[in-house]
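The numbers here are math on the coordinates, done by the rules we state, and not lab data. Every value quoted in this text rests on a predicted model; they were computed, and no experiment measured them. Positions of Cβ are generated from backbone atoms using ideal geometry, with glycine treated the same way; all protein chains shown enter the neighbour counts.
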Amino acid sequence: MLCGLCSQKSITLSLLLNENGVRNARAYGVNGHVIVKFNTTTERTYLVDPDYGKAPYRTPADPEAFKAIVRDTYKDSPFKRRNL
């Protein structure tokens with residue numbers, strides 16, 4: 001996607017997902033970055049980052065497990081991590 005900023009890419013992706021039957025796709029801001037959250041037909045919640053090209057990853061209920069997934073997903077990020 002060549003939309004520009006992460007917010008534009010995430011908003012565009014959420015609109016595309018919603019128009020194609022993926023439920024509740026929404027763009028969310030996290031620590032100055034924007035990603036997409038959506039639910040599957042089995043009510044599982046996933047996040048995807050169109051700016052980084054990160055494939056959908058499931059969001060666990062345990063906050064510490066979720067932090068570990070985020071840390072691993074963005075470990076090669078050139079940006080400074082804050083409080084993760």
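Summary of computed values
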quantity	calculated
Cα-centred dipole magnitude for segment 1-66, charges only on beta-carbon of K, R (+1) and D, E (-1), debye, nearest 20	120 debye
With eigenvalues of the C-alpha gyration tensor scaled by 5 and rooted, segment 1-59, Å	18, 13, 9
